[in-house]
Amino acid sequence: MPSGPPTGVVFAAYHASGDASLTAPGSRIEGIGRPRVEPSFIPSLVDRMSVVGNADSVGAMLALSELLGRPVGPSTGTNLVAMLSLAEEMRQRGESGSVLSLLCDSGERYRGTYFCAEWAQAHCGEVSAAQQRLGQRLRVGTS
């Protein structure tokens with residue numbers, strides 16, 4: 001199952017190397033933006049990891065929230081970006097199948113941060129372009 005840590009976290013490097021002493025600067029994506037390896041992370045349970053940019057994580061969160069008509073959190077956006085990439089790879093190989101993820105949280109607690117355009121821009125980068133691009137990919141995939 002693919003997993004998508006945000007840029008700046010240590011999990012992808014740890015997954016590749018097995019070195020639990022690694023650290024990284026961390027990420028703005030709450031809940032998964034860790035700068036150090038957490039004891040609860042079990043790399044043998046993960047087949048593959050894809051690093052996802054913070055702006056893409058938040059852009060996907062906003063696009064999916066709009067599509068669903070309800071807020072989701074930024075880690076759900078991270079998962080969505082990784083899922084869209086995996087689905088595109090499958091399509092290019094002519095494979096069929098399902099790609100599944102959970103909505104990590106309701107996103108309600110992020111109203112004053114990730115859902116605020118000024119805050120998101122200042123802390124995560126060019127979110128609006130990512131939101132537009134990923135929203136288009138979602139609309140194509142659901143039509």
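The values are calculated or read from the model by the stated rules, or taken from the named source; none is laboratory data. Not measured: the values here are computed from a predicted model. When we count neighbours, we look across all protein chains shown, and the Cβ atoms used for this are built from the backbone with ideal geometry, even at glycine. Quick note on the areas: whole protein, heavy atoms, side chains included, nothing else; ligands and nucleic acids left out. Shrake-Rupley method; radii C 1.70, N 1.55, O 1.52, S 1.80 Å.
First select every other residue whose beta carbon is under 14 angstrom from the beta carbon of residue 72; then total the charges, Lys and Arg +1, Asp and Glu -1.
Working: positive: 70, 109, 111; negative: 30, 66, 105, 108.
Spelling it out: positives minus negatives among the neighbours equals -1.
Once fully extended, how much extra length lies between residue 132 and residue 113, figured as 0.36 nm per residue of separation less the alpha-carbon to alpha-carbon distance?
On the way: separation 19, 0.36 × 19 = 6.84 nm, distance 1.89 nm.
Once the chain is fully extended between residue 132 and residue 113, it gains 4.9 nm.
Which residues' amide hydrogens lie under 5 Å from the amide hydrogen of residue 52, considering only partners 5 or more residues apart or on another chain, with H built in the peptide plane?
Amide H neighbours of residue 52, under 5 Å, 5+ apart: 7.
May I ask you to give the percent of accessible area on the chain that is carbon plus sulfur, with a probe radius of 1.4 Å? The partial results should precede the final answer.
Values: 4240 of 7900 Å².
Answer for the chain is 54 percent, counting heavy atoms of protein chains only.
So which helices of the chain fit the span-like rule, where a helix is a whole DSSP H run, its Cα atoms reach 20 Å or more along the axis, and its mean Kyte-Doolittle is at least 0.0? Could the numbers behind the result be given before it?
Values: long enough: 54-68 (21 Å, 0.95); 74-92 (27 Å, -0.03); 127-142 (22 Å, -0.42).
Within the chain the helices that satisfy the rule are 54-68.
What does the extension gain come out to for residue 98 and residue 68, with contour length at 0.36 nm per residue minus their alpha carbon separation? Mind dumping the intermediate values first?
Numbers: separation 30, 0.36 × 30 = 10.80 nm, distance 1.92 nm.
Here the segment from residue 98 to residue 68 would lengthen by 8.9 nm.
Please find the FRET efficiency linking residue 17 to residue 105, where r is the Cβ-Cβ separation and R0 is fixed at 30 Å, and quote it to the nearest 0.05.
Working from the Cβ atoms, E equals 0.50.
Expressed as a whole percent, how much of the Cα-Cα distance distribution for region 34-128 exceeds 16 Å? It would help to have the intermediate numbers written out before the result.
Numbers: 2738 of 4465 pairs.
Taking all Cα-Cα pairs of region 34-128, the fraction more than 16 Å apart is 61 percent.
Please label the shape of region 32-72 as rounded, prolate or oblate, based on the square roots a ≥ b ≥ c of the eigenvalues of the alpha-carbon gyration tensor (a/c under 1.5 means rounded; beyond that, a/b larger than b/c means prolate, else oblate).
Values: a/c = 2.43, a/b = 2.22, b/c = 1.10.
Cα axes put region 32-72 in the prolate bin.
Within 10 Å, count the other beta carbons around each residue, average over each peptide in 86-95, 48-57, and list them highest first. Don't jump to the answer; show the numbers that get you there.
Working: 86-95: 11.2, 48-57: 21.7.
Order by mean packing, descending: 48-57, 86-95.
In Å², what does the accessible area per residue of the chain work out to with a 1.4 Å probe? Numbers along the way, then the final one.
Details: 7900 Å² over 143 residues.
Spelled out: the 1.4 Å probe surface of the chain, per residue, equals 55 Å².
Take peptides 12-23, 36-47, 126-137 and line them up by average Cβ neighbours within 10 Å, highest first, as a rough protection proxy.
On the way: 12-23: 13.9, 36-47: 11.1, 126-137: 17.2.
Highest mean packing first, the order is 126-137, 12-23, 36-47.
Any idea what the relative contact order of region 1-108 is, in percent, if you count C-alpha pairs under 8 Å spaced at least 6 apart? Mind showing how you got there, number by number?
Values: 188 pairs, mean separation 28.5, N = 108.
In percent, rounded to a whole number, it is 26.
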